[in-house]
Each structure stands twice: as C-alpha cells, then as structure tokens.
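Asks: Dumping the structure here so I can ask a few things about it.
The values are calculated or read from the model by the stated rules, or taken from the named source; none is laboratory data. Everything quoted here is computed from the prediction, not taken from an experiment. When we count neighbours, we look across all protein chains shown, and the Cβ atoms used for this are built from the backbone with ideal geometry, even at glycine. With ligands, DNA and RNA removed, areas are computed over all heavy atoms of the protein, side chains included. Shrake-Rupley method; radii C 1.70, N 1.55, O 1.52, S 1.80 Å.
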Amino acid sequence: MWAHRHVVVGVSGGIACYKSCHLVRRLSEAGATVDVVMTEGAAEFVRPLTFEALSGRPVLTSLWQPGSALQHIRLAQRPDLLVVAPATAHLLARVAQGLGDDILTTLLLARTAPTLLAPAMNDEMYANPATQDNLRILGERGLAFVGPEAGALAEGPSERPGRMSEPEVILAHAARLLNRGTALAGRRVVVTAGPTREPLDPVRVITNRSSGKMGYRLAEAAWERGAEVTLISGPTSLAAPHGVTIARVETTAEMEAAVRAALPGADVLIMAAAPADYRPESDAGTKRPRAEGALKVTLTATTDILEATRPTRKPGAVMVGFALETGEAEPKGRAKLERKQLDMIVVNDALEPGAGFEVDTNRVVILERGGGRHEVPLADKRLVAEAILDRVEARLGR
Ligand code: CTP
C-alpha cells in the first residue's frame, strides 16, 4: 500500500529521534517516497545526512537553506500523509498556537494532508496540563495521535506515558489513517487463525501444523484498512497484531464458541484457522503411562464451525473460508465453497513449494461465489492477505 505514496516525516528534537531513522527506513523499503523535515533540535540528535541516506532524498532543516524556498509549502500540500515522530512537548505547543518559527512548524501550518503525531517526552512533561491542553486542541482540529506509551524513558523506566511508540506501531497507525474511507473502514471483521488442540490426556494433544501466520497477517492488514478486528487464535507463538482484539482458544469447541459470540455483529468472517477435525472421544484425565503398551484411541469428528454457525451470520456479511488441499485443490475448493455456503474460498495446495503451513509465503487461488477466480502468485503472506482483502472490499462495496 505504500508504493506511490508520498509521506513527509517531520522530526523534532528528542532522544526518540533515533527510532525515526528506522521509521523512515521502513517507509522507504515499503515503497513510499519519503521527505524528511527536521527541527534544529532534531539535527542535534541525528545528522540530516543519516535521514538523507535512508530516504534517498535531500533533507530540509531550515527555511533559509539554499534550494528550500517554498519547499515547505510544496511539502505541506503535496504529500498523502504527514507524520511527526517524535513530536516533542515544545513542538506540540508551537503547532497548537499556530506558530511558524521554523521549517517544520511552517509546513504544519500550511498542511492539507492527514497528519499523525507521535508524541515523545518525559512523563512529567506529558502529564503537564499545558501539554494536555495542547493535545486536546490538536485532537479537536483533526490531527491524529499514536502513543505515547509507558515504558523505558531515557531517564529510566516509567509507569506513565511518555515513550514514543515503536516504528512498527507508528507505521500501522499511519496506514490506518491513510486508508480512511476504504470499504473496510469501520467494519467489524472476525479472523480465525492457527491450529486447535484436542487433549488426549493432560499432557498430550492432537493438533496440526498450522502456524497461524496467514490469519495473523490478515488481521493486521484488516486493522490497517480501518476495520475493528477480532482475531480468534488457536495456540501459536505469534505476537498479537497491533490494535486487534485477540481471543485465545485451545480446542475446536472453544473456537466455535468464540466465533458464535463474535459473529452476530460481524461484517466479515475469515476462517483462516485449521481447526482439528477430530478429537479423542474421551480425555484420559490423568497421564497415561507408557508401560500400558499400544494405545488405541477412538476419535470423533469435531463440529464444522462454518456450518454450525451459519444461522448466526448477519445477512449480507462476507464469509471467507480456506481450503488447504493436497492435489486437485481447485475442484475440491469449489465444492467446499458451495457446501459451506461461502462468498469466497482461498485455495492452496500444501504439496506446492512455498505454500501452506509453517512458511512465510503462500500461493493461492481465490474462488468466488458466482464464478470469480483470482490467482495470487507466490508472495509473502502479508501480500496474499492484501489480495484477499481487496476481494473482500470489492464484495462489501457492492
Ligand atoms: N473449518 C471449520 N470447522 C472445522 C474445520 C474447518 O469451520 N471443524 C473451516 C476452515 O477454517 C476452513 C474451511 O472450513 O475455512 C475448510 O477447511 P478444511 O479443513 O479444508 O475443510 P473440511 O470441511 O475439514 O473438509 P476436509 O477435511 O474433508 O477436506
């Protein structure tokens, strides 16, 4: 989504400047054109040359530097987004008062693009009523904020907010701000992810090789498109994506209950999870000793969550299933699309290299009700998630 986007990153003078280098790098890597505008104080912490190397573009530090005439006005009005990180207490005060006493504040006075501020300061400075008043004024004028957060400050740990959000979190908020007005903005999206685990006894389980990566990337991408996202996750080692409400479950029955609870208000359900299809008929209660020899277990089928929760679906909601097959994937996927009464099914073949479980990439075909077929070539799961959400948005927009 960052390709062909023009972002201005304003940097004011706080120690968090070092994290802004990473932010600029991430934006550039993602394909955005990034112009960096620094205050004099920021240039005391990090040399402009560092940002020039990271963005590949000249950096503006003064209204009076040769070549900068009217640049601040151009940069105020051309970009898709302005991000100020860090935004110090002094910077916030100047912007709230409408001062234009350096290149960054002048640019912010003339801004027309959506603007995201990442405040960073000492916790007392943040709590100061003057700073709080300035934040309120800026919020009322439509500027958006990310953080600050509690945690380590330069002067030591703090329970109170002051620390600038991490570059990844700023990036996620920036994406969400840029995506205002897309079909998923404000929609309720439920995503399931990962395997489920069915106990044989208190120690042993039956599970499968799903890593949860596809579902987590979908939840992350849907939040960045402005959706309110509930992620229902089986056991995985993945960190919860920023902004997403996560419900952690263990068994297929628990996943079913969580889906049932989340579904009535949902505009979209994406069942990316691989719920265990079988569970031991009985849970032994205590650990079964190995000395008892061969083990015979009777497995019973678990509930099909998509089928069982069908009556709970909101009319018009978009239902997306996944089908991981091993051979003849498309005809099997098309049959599941019909049987489970879905709007869309994402089909992949576990036997293909780079697709399926435990890898960061996937190669899928999206089949839609009504006959649509979209091939997504081998790509990072985040890009596959974007392709799936493009199709979901197209259906929501109808
Ligand atoms: N699914 C579900 N409940 C289950 C098993 C699967 O809701 N107990 C969902 C999956 O999340 C997926 C879709 O159904 O979105 C297809 O899953 P898959 O395992 O391919 O289909 P099954 O119905 O289990 O069919 P089979 O195992 O016979 O291929």
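Asks: Would you kindly calculate the translational diffusion coefficient of segment 6-178, applying Stokes-Einstein with the Kirkwood radius from alpha carbon pairs, for 10 °C and a viscosity of 1.306 mPa s, and quote it in µm² s⁻¹ without decimals? Intermediate results must be reported in sequence, preceding the final value.
Replies: Working: Rh = 15.7 Å.
Value of D from the Cα-based Kirkwood radius: 101 µm²/s.
Asks: For the chain, what is the convex hull (Cα atoms) projected area averaged across all directions, in square nanometres? Each step should come with its number before you reach the end.
Replies: Values: hull surface 96.0 nm².
Its average projected convex-hull area is 24.0 nm².
Asks: Continuing with the same structure: Roughly how many percent of the accessible protein surface of segment 188-396 is carbon and sulfur, given a 1.4 Å probe and a whole-percent answer?
Replies: Details: 4880 of 9540 Å².
Taking all protein chains in place, segment 188-396 shows 51 percent carbon and sulfur surface.
Asks: At a Förster distance of 45 Å, what's the computed FRET efficiency of His6 paired with Leu351, Cβ-Cβ distance as r, to 0.05?
Replies: Details: r = 43 Å, r/R0 = 0.95.
According to the calculation, E is roughly 0.55.
Asks: How high is the FRET efficiency between Ala253 and Ile15 when r is their beta carbon distance and R₀ equals 35 Å, given to the nearest 0.05?
Replies: 0.10
Asks: OK, next. With every protein chain left in place and a probe of 1.4 Å, what is the accessible surface of Glu338, to the nearest 10 Å²?
Replies: 120 Å²
Asks: Can you give me the long-range amide H partners of Ala247? Hydrogens built in the peptide plane at 1.01 Å from N, cutoff under 5 Å, separation of 5 or more residues or another chain.
Replies: Leu231, Ile232, Ser233
Asks: List the aspartates and glutamates whose Cα lies under 18 Å from the Cα of Lys213, skipping any in the same chain that are fewer than 8 positions away.
Replies: The reachable aspartates and glutamates, counting only those whose Cα sits under 18 Å from Lys213, are Glu168, Glu224, Glu250, Glu325, Asp349, Glu352, Glu358, Asp360, Asp380, Glu386.
Asks: Between segment 252-310 and segment 95-117, what is the C-alpha centre distance in whole Å?
Replies: The two parts, judged by their Cα centres, are 54 Å apart.
Asks: Excluding His22 itself, what net charge comes from residues whose Cβ is under 10 Å from its Cβ, given Lys and Arg +1 and Asp and Glu -1?
Replies: Working: positive: Lys19, Arg25, Arg26; negative: Glu166, Glu168.
Net local charge, His22 excluded: +1.
Asks: While we're here: Going by amide H atoms built from the backbone, whose H comes under 5 Å of the H on Phe145, apart from near neighbours?
Replies: Correct list: Leu117.
Asks: What accessible area per residue comes out for the chain, rounded to a whole number of Å², with a 1.4 Å probe? Don't jump to the answer; show the numbers that get you there.
Replies: Details: 18290 Å² over 398 residues.
Computed with neighbouring chains in place, this is 46 Å² per residue.
Asks: Add +1 for every Lys or Arg and -1 for every Asp or Glu among the other residues with Cβ under 13 Å from the Cβ of Pro79, and state the total. Mind showing how you got there, number by number?
Replies: Numbers: positive: Arg5, Arg57, Arg74, Arg78, Arg111; negative: Asp35, Asp80.
Net charge around Pro79: +3.
Asks: So what's the gap between the Cα centers of segment 124-177 and segment 1-42, to the nearest angstrom?
Replies: For segment 124-177 versus segment 1-42, the Cα centre distance is 17 Å.
Asks: Just to check I understand the Karplus step: with θ = phi - 60° and J = 6.51 cos²θ - 1.76 cosθ + 1.60, what whole-Hz values come out for segment 223-236, glycine and proline as x?
Replies: Rounded to whole hertz, the list is 5, 5, 8, x, 7, 8, 10, 10, 10, 9, 10, x, x, 9.
Asks: What does the accessible area of Tyr278 come to, in Å² to the nearest 10, when a probe of 1.4 Å is used?
Replies: Roll a 1.4 Å probe over it and Tyr278 shows about 120 Å².
Asks: Among Phe322, Phe45, Phe51, what's the order by accessible area (1.4 angstrom probe), most exposed first?
Replies: On the way: Phe322 50, Phe45 105, Phe51 0 Å².
These residues rank, largest area first, as Phe45, Phe322, Phe51.
Asks: Same structure again: Using just the helices of the chain, give the 222 nm mean residue ellipticity in deg cm²/dmol: DSSP H runs with n ≥ 4 each add -39,500 (n - 2.57), and the total is spread over all residues, rounded to 500.
Replies: Numbers: 14 runs with 133 residues, N = 398.
So the calculated ellipticity at 222 nm is -9500 deg cm²/dmol.
Asks: Let me ask another. Would you mind checking the pairs Lys332/Lys381; Lys296/Lys332; Lys296/Lys336; Lys287/Lys340 and listing those with alpha carbons more than 26 angstrom apart?
Replies: Numbers: Lys332/Lys381 22 Å; Lys296/Lys332 31 Å; Lys296/Lys336 31 Å; Lys287/Lys340 37 Å.
Correct reply: Lys296/Lys332; Lys296/Lys336; Lys287/Lys340.
Asks: Determine the share of segment 1-137's accessible area contributed by carbon and sulfur atoms, expressed in whole percent, with a 1.4 angstrom probe. Each step should come with its number before you reach the end.
Replies: Details: 3290 of 6140 Å².
Here carbon and sulfur together make up 54 percent of the probe-accessible area.
Asks: Here's something else I'd like to know. Around Ala172, what is the net charge, scoring Lys/Arg as +1 and Asp/Glu as -1 over all other residues with Cβ under 9 Å from its Cβ?
Replies: On the way: positive: Arg176; negative: Glu168, Glu220, Glu224.
Value of the local net charge: -2.
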